[in-house]
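Here, each number is a calculation from the coordinates, and none is a lab measurement. The structure displayed is predicted, hence computed values, not measured ones. With ideal geometry, Cβ positions are generated from the backbone for all residues, glycine too; neighbour counts draw on all protein chains shown.
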Amino acid sequence: MAEVISRAGIDPVSLKRLEFILLAPKDAIDNGTFSKEMNKASIQEKVKKRVKAYEGSLDGWYNNHFATTLENIHVHTLSWESTLKWISDNKPEVADKLSAYYELCLKYK
């Protein structure tokens, strides 16, 4: 996400809203399956580790683009169930297909 924003020449500070959303089953969210990973500190740690593997060649990108993006982003989870409910209420013509897709995801997880 930080790379796409950077390539587009957009300053993340200028964005009215910037979100990183994990769409997942409600049970998994409620059970805390993603709680360790879905926060800025965890994301920062993982990206720092990856950048370090490039032995300095990505330090400028990290400092000039990633850090600013991370600082301005809202990280959270959203359940499939609440999303499907919203879609069903607002876009009923696509709700059945997405619900069927979600049921297959649950079946073959």
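Among the residues of segment 1-46, those identified as of a type in the set (Asp, Glu) and closer than 19 Å to GLU71 by Cα are GLU3, ASP11, GLU19, GLU37, GLU45. In segment 29-38 there is no residue matching the filter, namely being assigned to a helix (DSSP H, G or I), of a type in the set (Gly, Ala, Ser), without any contact (Cβ under 8 Å) to a residue 40 or more places away in the chain and within 30 Å of TYR108 (Cα to Cα).
Inclusion of VAL75 among residues that are among the β-branched types (Val, Ile, Thr) and more than 30 Å from PRO12 (Cβ to Cβ) is not warranted.
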